[in-house]
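So the structure is just underneath, and the comments pick up after that.
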């Protein structure tokens, strides 16, 4: 808790995934504010409404990283969050002089709190110093506990089983939407969920990295057989993952029905070579323990980031160089991303410059540490023609990598 609250007296958590990580609480709709968490030096306060009263009282999260007891606080229209929050702050040891909150350093998650919510806090918590924070819980989530790894490993195994099942469903005339439904149905019948909406793309649709068959139809058109129907001599991209006990897996495979073009074959071989180069680099340079590094990020191009620590940016550059030497288009996305309770987490393995950040604030390079789980997914996309992406889920250990995705990457023709 000391590191989480560094420089703060309390920290307000509003990100639903972070709330789940800290308390085990899961709401129905993450887009709504169904819960808040307030972290103090000795207590984890979970705020939620009467709809979740019974569920919240039954919550038990023995792996709570704060090791502090949890107290559930019910909120309502009559007793809103702002009122309950103020009461807790006033009666805690943080109150310096009677009822005043003067001097309290109140942290909040800057990438999740809305402007309206910030203004409300500012209005309600007069004399409190509001301090924006970033990735304090996310950096904890980067390093996976043994129970988290077990859940991710189970999700990856189920994803492999689903891939074997889906290969038997791929036939001429089937649609993208039908295959996507088969994937979801496979997981649901086995007590799991979707890590994300499956990406199932046929033919030229594979050139869109995050393609969805729903984008191909007019808004008011309702049709059972949505998406492209599979034809002969076609490239097929499948990107999907299971969710087990809240934890995600992520895998992409490309297969072909009928005779693939020589261009597709070559692109497939190059992408596979790029992935292998990245995996070999990580495997040969692994072994950096989380406790051995004071900082988990380095400026790109720094001497340390290129030598001793295992650099996400360098890994990305190695894969890109393979694709560049082959004369194929550069990959428009990062080489990989962390996976856990969310499908996209830190670290992000990329050497690309962030166009949003000013030059005075360069992107930080992710250092890859033991017990991180992330993807390695190089790709080649030729707009309007085809796309090839090969993605594996990786567990980084002190003695090397464990590839959690076991499905074959041998060029497959159905």
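The values are calculated or read from the model by the stated rules, or taken from the named source; none is laboratory data. Just so we're clear, the structure is a prediction, and the values are computed from it rather than from any experiment. Positions of Cβ are backbone-derived with ideal geometry, glycine not excepted, and every protein chain shown enters the neighbour counts.
Of all residues in segment 385-406, how many are outside any strand (DSSP E or B) and surrounded by fewer than 18 Cβ atoms within 10 Å (Cβ to Cβ)? I'd like the intermediate steps shown before the answer.
Residues of segment 385-406 outside any strand (DSSP E or B): 385, 390, 398-399, 404-406.
With surrounded by fewer than 18 Cβ atoms within 10 Å (Cβ to Cβ) added as a condition, the list becomes 385, 398-399, 406.
Residues flagged as outside any strand (DSSP E or B) and surrounded by fewer than 18 Cβ atoms within 10 Å (Cβ to Cβ) within segment 385-406 amount to 4.
Taking segment 242-270 only, how many residues are over 27 Å from residue 374 (Cβ atoms) and surrounded by fewer than 18 Cβ atoms within 10 Å (Cβ to Cβ)?
Count: 7.
From (1) closer than 30 Å to residue 369 by Cα; (2) at pLDDT below 90, pick out the condition that doesn't hold for residue 127.
Only one criterion in (1) closer than 30 Å to residue 369 by Cα; (2) at pLDDT below 90 is unmet by residue 127, namely (1).
Step by step: first the residues of segment 322-337, then only those that are over 12 Å from residue 376 (Cα atoms) and free of Cβ contacts under 8 Å to residues at least 24 places away in the same chain, then the one that is surrounded by the fewest Cβ atoms within 10 Å (Cβ to Cβ). Which residue is that?
Step one: list which residues in segment 322-337 are over 12 Å from residue 376 (Cα atoms), which gives 322-332.
Filter again for free of Cβ contacts under 8 Å to residues at least 24 places away in the same chain, leaving 324-325, 327, 330.
Values: 324: 15, 325: 11, 327: 8, 330: 11.
Checking each candidate, the answer is 327.
Being under 17 Å from residue 91 (Cβ atoms) and part of a strand (DSSP E or B) is the filter here; which residues of segment 31-45 pass it? Explain how you work it out, then say what you get.
So in segment 31-45, the residues under 17 Å from residue 91 (Cβ atoms) come out as 38-45.
Across segment 31-45, the qualifying residues are 38, 39, 44, 45.
Do we find that residue 148 is in contact with a strand residue (DSSP E or B) (Cβ under 8 Å, 6 or more places away or on another chain), free of Cβ contacts under 8 Å to residues at least 60 places away in the same chain and under 27 Å from residue 31 (Cβ atoms) in this structure?
Values: in contact with a strand residue (DSSP E or B) (Cβ under 8 Å, 6 or more places away or on another chain): yes; free of Cβ contacts under 8 Å to residues at least 60 places away in the same chain: no; under 27 Å from residue 31 (Cβ atoms): yes.
Judged against the criteria, residue 148 is not a match.
Could you please find all residues in segment 34-48 being surrounded by fewer than 21 Cβ atoms within 10 Å (Cβ to Cβ) and within 20 Å of residue 114 (Cα to Cα)?
Answer for segment 34-48, where residues must be surrounded by fewer than 21 Cβ atoms within 10 Å (Cβ to Cβ) and within 20 Å of residue 114 (Cα to Cα): 34, 36.
Considering only residues that are over 24 Å from residue 270 (Cα atoms), at pLDDT 95 or above and in a loop (DSSP other than H, G, I, E, B), which ones fall in segment 323-367?
Across segment 323-367, the qualifying residues are 339, 340, 341, 342, 343, 344.
Looking at segment 181-202, which of its residues are surrounded by 20 or more Cβ atoms within 10 Å (Cβ to Cβ) and outside any strand (DSSP E or B)?
Filtering segment 181-202 down to residues surrounded by 20 or more Cβ atoms within 10 Å (Cβ to Cβ) leaves 183, 186-187, 192, 195, 198-202.
Those that are surrounded by 20 or more Cβ atoms within 10 Å (Cβ to Cβ) and outside any strand (DSSP E or B): 183, 186, 187, 192, 195, 198.
Pairs only if they're at least six apart or on different chains, beta carbon under 7 angstrom, first in segment 269-294 and over 19 Å from residue 398 (Cα atoms), second modelled with pLDDT under 95 and buried (at least 16 other Cβ atoms within 10 Å of the Cβ); list them, first residue then second.
none
Conditions tested, residue by residue: (1) more than 21 Å from residue 139 (Cα to Cα); (2) surrounded by 15 or more Cβ atoms within 10 Å (Cβ to Cβ).
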| position | (1), (2) |
| --- | --- |
| 6 | no, no |
| 17 | no, yes |
| 32 | yes, no |
| 52 | yes, yes |
| 57 | yes, no |
| 76 | yes, no |
| 88 | yes, yes |
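Within segment 4-30, track down each residue that is assigned to a loop (DSSP other than H, G, I, E, B) and in contact (Cβ under 8 Å) with a residue 12 or more places away in the chain.
4, 5, 7, 8, 9, 14, 15, 24, 25, 26, 27, 30, listed by residue number.
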